[in-house]
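K.L.:
Have a look at this one before I ask anything.
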Amino acid sequence: MSIQIQDSLRRRKAPFRPLVPGQVSLYVCGPTVYDDCHIGHLMGPVIFDAIARWFRSRGYLVRFVNNITDIDDKIIQRALKSGEPWLAITQRYTAQYFEFLKKLHVVTITDHPRCTEYIDEMIAFVEELIAADRAYKTSDGVYYDIQRQEHYGKLSGRKLDEMLSGVRVERSEELRHPADFALWKLAKPGEPTWESPWGAGRPGWHLECSVMSSSLLGQAFDIHGGGDDLKFPHHENEIAQSEALGHSYAQCWMHNGLIQYGGVKIAKSDPRMKDPEFARQFQAAWLLDTYGAPTIRFFLLQGHYRSPVDFKPENLQAARAGLARLLKQLGALAEEADETNAEEVFARTLPLPLAERRAAYCEALDDDFSTGRALGHVFALLNDAKKLAGKEQHEALRLVRDLGRLLGLFLPGDAAQIADDEAHHGELFEQVMSFVLTLRQEARARKDFALSDRIRDGLAALDIHVEDKAGSSTWRVGS
RNA sequence: GGUGGCAUAGCCAAGCGGUAAGGCGACGGAUUGCAAAUCCGUUAUUCCCCGGUUCAAAUCCGGGUGCCACCUCCA
């Protein structure tokens with residue numbers, strides 16, 4: 001059974017056939033590092049990390065390239081506005097991005113090329129395009145001539161004449177077609193520059209992905225991924241440039257759905273984002289802090305990668321509750337070091353019902369990486385496990401854990417992160433709580449339940465919830 | 001206006017021709033001094049609407065309606 005992938009370009013599902021047997025070359029567009037990371041920037045990496053993990057589980061060697069756009073108009077604007085050197089800005093936000101990837105257990109990315117490391121290659125690429133008569137100079141840069149492209153628009157499904165009818169004001173009259181895009185932008189005073197045959201300037205946005213992917217993966221590679229919003233114009237233009245030079249480029253395109261709130265896409269330009277309280281909900285730092293990185297990863301994998309994901313609080317809370325229940329059942333198993341070996345997990349001899357769950361799980365992932373369906377089977381397996389006992393139950397729970405781990409879930413430390421972060425409460429708070437609970441324990445010992453209930457209710461009103469266990473009590477903040 | 005996509009229980013979400021996975025929540029029971037947690041059980045005769053094809057449709061076809069995305073920077 002081979003892995004099936006829904007290809008955005010051909011608009012159909014087809015068996016994955018690698019260019020090199022046993023290997024996968026994957027390129028996923030990364031962030032422009034000019035501001036705090038928001039959850040949309042992390043969705044792609046998490047999803048494609050799960051996909052890469054599944055390829056590995058199926059025995060493939062995966063090379064996974066995720067670029068960093070570290071020169072761009074927005075970075076320059078930010079630098080001019082704040083007075084901070086652009087390099088300091090990009091370095092800070094790149095480091096932040098890497099930190100979030102680590103917290104989210106994104107471990108499969110093998111290369112993080114930075115745009116500014118490939119300027120020479122980009123200049124050479126543009127020279128080739130000019131030599132092939134696919135690009136031309138204007139007073140402010142070099143542009144790609146889309147009308148020379150035979151199938152321009154094949155990815156996003158649009159036609160050149162249709163695009164002309166769209167109102168595109170303020171495009172230079174020097175352009176041969178309003179949708180022609182910049183390959184090289186000549187610098188204005190005060191902007192960072194690189195020397196080129198056309199004058200000092202910087203590369204256009206679309207160029208970097210064509211250049212870096214071919215440099216690292218070759219002129220033909222297996223899969224190109226990215227957010228659905230990049231289909232047009234970004235990916236369309238990548239295809240145009242690369243095919244103009246005879247590259248066969250990506251054999252298959254995968255696009256992930258976008259972040260929504262209340263059914264509407266969330267993006268930086270959204271008017272709702274002007275409200276800082278609202279905007280905060282999509283900042284990676286806040287989300288990871290509030291729900292825990294494992295919840296965010298789990299939540300993203302509960303849906304299908306091509307569908308939009310709604311980050312409203314109810315949904316995140318539901319995900320956290322489900323994951324918390326599962327981790328609680330796994331207990332110590334979830335804290336054991338991760339030594340999961342896919343081959344061993346697949347080969348394990350199991351009672352028939354468990355083996356069937358495992359097969360269903362694999363089938364779901366082989367079918368266009370249906371992580372949500374796969375996780376449904378994991379929960380069903382958990383319910384099966386509860387009906388078993390002793391060694392059999394342990395084996396079933398171990399399978400739950402290991403199937404999850406193939407996707408980067410249920411790892412050591414996860415449970416602690418989604419339980420409320422004790423670091424936020426502080427040591428003093430811990431001591432106070434311990435004291436209060438001791439008093440309550442004493443009241444209970446002498447059957448003064450009126451008092452013990454008063455303490456518990458009073459704490460509950462502060463959103464601190466006490467739970468009695470045999471001989472001791474525990475507490476937690478929030479639902 | 002053009003181009004894609006989606007409509008399944010209170011919410012999220014799978015299924016894509018053979019008689020509705022799973023999660024959250026809710027409800028009932030066990031347990032508990034009472035709770036919480038845990039365990040057991042219940043929770044869509046039906047898949048936006050109307051036609052059609054078929055022995056059989058949530059799944060296919062035609063026509064509606066509603067929502068979303070892209071066409072401008074966006075992961």
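K.L.:
Could you please find all residues in region A:336-375 being closer than 30 Å to A:Gln260 by Cβ and not hydrophobic (A, V, I, L, M, F, W, C)?
P.N.:
A:Tyr361, A:Glu363, A:Asp366, A:Asp367, A:Asp368, A:Ser370, A:Thr371, A:Gly372, A:Arg373
K.L.:
Return only the number of the condition from (1) free of Cβ contacts under 8 Å to residues at least 40 places away in the same chain; (2) within 14 Å of RNA strand B (Cβ to nearest atom) that A:Ile76 does not satisfy.
P.N.:
(1)
K.L.:
Any idea which of A:Glu162, A:Glu208, A:Glu127, A:Glu150 is closer than 30 Å to A:Leu9 by Cα and within 31 Å of the chain's Cα centre (by Cα)?
P.N.:
Answer to the selection: A:Glu208.
K.L.:
Restricting to region A:213-264, what's the tally of residues that are assigned to a helix (DSSP H, G or I), within 18 Å of A:Arg10 (Cα to Cα) and either hydrophobic (A, V, I, L, M, F, W, C) or open to solvent by 20 Å² or more (accessible area, probe 1.4 Å) (or both)?
P.N.:
Final tally of qualifying residues: 9.
K.L.:
I need every pair where a residue in region A:380-391 that is not assigned by TED's automatic domain parsing to the domain that holds A:Leu354 has its Cβ under 6 Å from the Cβ of a residue that is hydrophobic (A, V, I, L, M, F, W, C) and within 6 Å of RNA strand B (Cβ to nearest atom), sequence separation at least 6 or different chains.
P.N.:
none
K.L.:
Looking only at residues that are within 16 Å of RNA strand B (Cβ to nearest atom) and crowded, with 16+ Cβ neighbours inside 10 Å in region A:334-359, which one is nearest to A:Tyr60 (Cα to Cα)?
P.N.:
Among them, the one singled out is A:Arg358.
K.L.:
Also: Answer with yes or no whether A:Phe64 is within 22 Å of the chain's Cα centre (by Cα), outside any helix (DSSP H, G or I) and crowded, with 20+ Cβ neighbours inside 10 Å.
P.N.:
Yes; evaluated as a whole, the condition is true for this residue.
K.L.:
Still on this structure, I have one more. When you scan region A:24-31, do you find a residue that is away from RNA strand B (no atom under 12 Å from the Cβ), open to solvent by 10 Å² or more (accessible area, probe 1.4 Å) and in contact with a helix residue (DSSP H, G or I) (Cβ under 9 Å, 6 or more places away or on another chain), even just one?
P.N.:
Yes, there is a match, as at least one residue in region A:24-31 is away from RNA strand B (no atom under 12 Å from the Cβ), open to solvent by 10 Å² or more (accessible area, probe 1.4 Å) and in contact with a helix residue (DSSP H, G or I) (Cβ under 9 Å, 6 or more places away or on another chain).
K.L.:
Continuing with this model, one more query. Might you check whether a residue that is over 27 Å from A:Ile75 (Cα atoms), buried (at least 18 other Cβ atoms within 10 Å of the Cβ) and touching a residue at least 24 places away in the same chain (Cβ under 8 Å) occurs anywhere in region A:110-124?
P.N.:
no
K.L.:
Okay, moving on. Yes or no: A:Ala220 assigned by TED's automatic domain parsing to the domain that holds A:Arg10 and out of contact with any His (no Cβ under 6 Å at 6 or more places or on another chain)?
P.N.:
Judged against the criteria, A:Ala220 is a match.
K.L.:
Now, a different point. Is there any pair with a first residue in region A:301-327 that is touching a residue at least 12 places away in the same chain (Cβ under 8 Å) and near RNA strand B (Cβ under 7 Å from one of its atoms) and a second that is aliphatic (A, V, I, L, M) and part of a loop (DSSP other than H, G, I, E, B) whose Cβ atoms are under 6 Å apart and which are 6 or more apart or on different chains, and what are they?
P.N.:
Qualifying pairs under 6 Å: A:Pro308/A:Leu258.
K.L.:
Between A:Ile71, A:Ile76, A:Ile51, which is open to solvent by less than 50 Å² (accessible area, probe 1.4 Å) and part of a loop (DSSP other than H, G, I, E, B)?
P.N.:
None of the others qualify; the one that does is A:Ile71.
K.L.:
Could you grab me the full set of residues in region A:249-265 that are of a type in the set (Gly, Ala, Ser) and more than 19 Å from the chain's Cα centre (by Cα)?
P.N.:
Residues satisfying the conditions are A:Ala250, A:Gly262, A:Gly263.
K.L.:
Do the conditions hold for A:Lys274, that is, is it over 30 Å from A:Lys386 (Cα atoms), of a type in the set (Lys, Arg) and without any contact (Cβ under 8 Å) to a residue 60 or more places away in the chain?
P.N.:
Judged against the criteria, A:Lys274 is a match.
K.L.:
Okay, moving on. Which of the following residues is aliphatic (A, V, I, L, M), modelled with pLDDT of 95 or more and either under 26 Å from A:Phe181 (Cα atoms) or not assigned by TED's automatic domain parsing to the domain that holds A:Gln23 (or both): A:Ile68, A:Ile146?
P.N.:
Just one listed residue meets the conditions, A:Ile68.
The values are calculated or read from the model by the stated rules, or taken from the named source; none is laboratory data. What you see is a predicted model; the values in this text were computed from it and never measured. Glycine gets a Cβ as well: all are built from the backbone with ideal geometry, and neighbour counts include every protein chain shown. The accessibility values were calculated without ligands, DNA or RNA, using every heavy atom of the protein model including side chains. Shrake-Rupley method; radii C 1.70, N 1.55, O 1.52, S 1.80 Å.
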